[in-house]
Amino acid sequence: MKILRKYTGWFVLGTLLFYLLSVTQIISVLLPTLLAWFANIAMWHTLAASAKRQVTWLMMIGVAALLFAGSKGTWMTWQQVFAVNLPMLAMFVAVSFLDLTSSNDEKRPLPKGFSAIFNTAIGVQVLGAVINLSVIMVFADRMKGAIKLTPIQQFILTRNFSAAAWWSPFFVATGVALIYAPGMQWQKTLIPGLAMGLVAIIFSSIEAYRRTKGDFHGYPIRRESLFIPMFLALSVILFHYIWPNISILVLICILAPAATLLLMRTPSRRESLSYFVNHKLAQIGSQFALFLAAGIFSNGISAIILSYPEFFNLDNFTFSPLLFSFTLAVMIIVGIIGIHPVVSIAIASPMLLPLHPDPTQLGFLFLSAWAISAGSSGLTGLGLLMTSRYQIPTKTIVSNSLFYAVFMWLLCSVVNGVLL
């Protein structure tokens, strides 16, 4: 176990590198799968008690379901059970490198007024779209200063950070949607997703200004800090156009670390990368544990459905706009009460796929469930960060965003019916 913990970061890095090799079929997918599970074991001690409970329950239910389905003659392959979320983990490791391109600016004063609200909302969404969760902590730590983060500042950050799930190819939600909605064309959700992200910015900014009368301390955004996210997003689109046979996930796994090496600002690349692998990568245990457990859980659910097709027969239904709206509402509600979006997606996918839905519409459903529930819940990862690190009560987080969640749910239902 000591050896595993000593080289945890390298197991995580190996998951990405050997996954890319497995895509080329140079090696078997077994090797990166083993590395991912070794990393999970090594990082288990770093998980919070609540995360351990959630992961343990997911695994126990998943294993029990798999064994029960097996007793009925339905067996899943080891790749389905243990490696289904491997591409998503590889993507998560890849985008983690982008943290090395961020920089703190603690000298400039905090701006105030509506422009400060609007620019903070745009900044956290665009930067968060690529650099992910660390951006929230950079913004929040800077904005709170010597006092506590206010509930208004909290919802500007969490709503707009989560809204990047609608359009960013670097957001983990995109990886989830691509896996659980096979055949999804991300390019078709890009314009509707950007529109949803813009609405989230405008809606939240107006609400924040109305509630604070402009007395809001925002984050001092610099235009040059937005270059890297926009450059990477355009690079993904360009390279996918040139090589359409290469999946979005694989492109991200290649481009994110490559862009980091090119654009990182540090006196010593070698020292920064060494510290990143040995310390930062060794601290992402909750993501590895959750996604690996969700893979077992989702396949357990799939095996039960395959074992009892008569009970889960939805032949009388079609993936209509009404079913889209109803399913999205349920996924948002369970997300707000603390079920991680990846878990609800893992349950919904095997239930809806037999209906032969349009893959892009199904993917948009999953992206919307992630964006809305993660931005409105006090019990998922982002909400727990706000509660534990910035002392924002869970009840305040939820009550602040109930109207937002309902409004965005209705808008998603309209966008699905009109644009997709």
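Things to note:
- Computed FRET value (nearest 0.05) for ILE202 with LEU261, which takes r as the C-beta separation and R₀ as 35 Å: 0.45
- Distance from segment 7-70 to segment 166-216 (C-alpha centre basis), Å: 29 Å
- Range in the chain, longest, excluding exposed trypsin sites (Lys or Arg not before Pro) [loop by DSSP; at most 16 other beta-carbon atoms within 10 Å]: 266-420
- Residues of the chain were split at every exposed loop site, defined as GluC sites (Glu not before Pro) in a DSSP loop with at most 13 other C-beta atoms within 10 angstrom, and the longest piece left, sites excluded, is 107-309.
- FRET efficiency estimate (nearest 0.05) - Cβ-Cβ, LEU67 to PHE231, R0 30 angstrom: 0.05
- The phi-based Karplus calculation (6.51 cos²θ - 1.76 cosθ + 1.60; θ = phi - 60°) puts the 3J(HN,Hα) values of segment 338-351 at x, 7, 4, x, 5, 6, 5, 5, 5, 7, 5, 4, x, 6 Hz, whole numbers, x for Gly and Pro.
- Percent RCO, i.e. relative contact order, over segment 272-392, from Cα pairs under 8 Å lying at least 6 residues apart: 28 percent
- Were the residues from LEU402 through ILE242 laid out at 0.36 nm apart, the gain over their Cα-Cα distance would be 53.4 nm.
- Per residue accessible area of the chain, 1.4 Å probe, in Å²: 45 Å²
- Projecting the alpha carbon convex hull of the chain along each direction and taking the average yields 20.5 nm².
- In the chain, helical runs assigned H by DSSP with n ≥ 4 each contribute -39500 (n - 2.57); averaged across all residues and rounded to the nearest 500, the mean residue ellipticity at 222 nm is -23000 deg cm²/dmol.
- Just the protein heavy atoms count here, and of the accessible area of the chain at 1.4 Å, carbon and sulfur take up 68 percent.
- Length-normalised contact order for the chain - Cα pairs under 8 Å, 6+ apart - percent: 25 percent
- Theoretical gain in end-to-end length, SER272 to SER50 [0.36 nm per residue, Cα-Cα removed]: 76.8 nm
- Listed values for segment 259-270 are Karplus-derived 3J(HN,Hα) couplings in whole Hz (6.51 cos²θ - 1.76 cosθ + 1.60, θ = phi - 60°), namely 5, 4, 4, 7, 10, 5, 10, 7, x, 9, 4, 4, and x replaces Gly and Pro.
The values are calculated or read from the model by the stated rules, or taken from the named source; none is laboratory data. It should be emphasised that the depicted structure is a prediction, and the values quoted were computed from it without experimental measurement. Neighbour counts run over all protein chains shown; Cβ positions are idealised from the backbone, glycine included. Ligands, DNA and RNA are stripped out before the accessible areas are found, and what is left, the full protein with its side chains, is counted by its heavy atoms. Shrake-Rupley method; radii C 1.70, N 1.55, O 1.52, S 1.80 Å.
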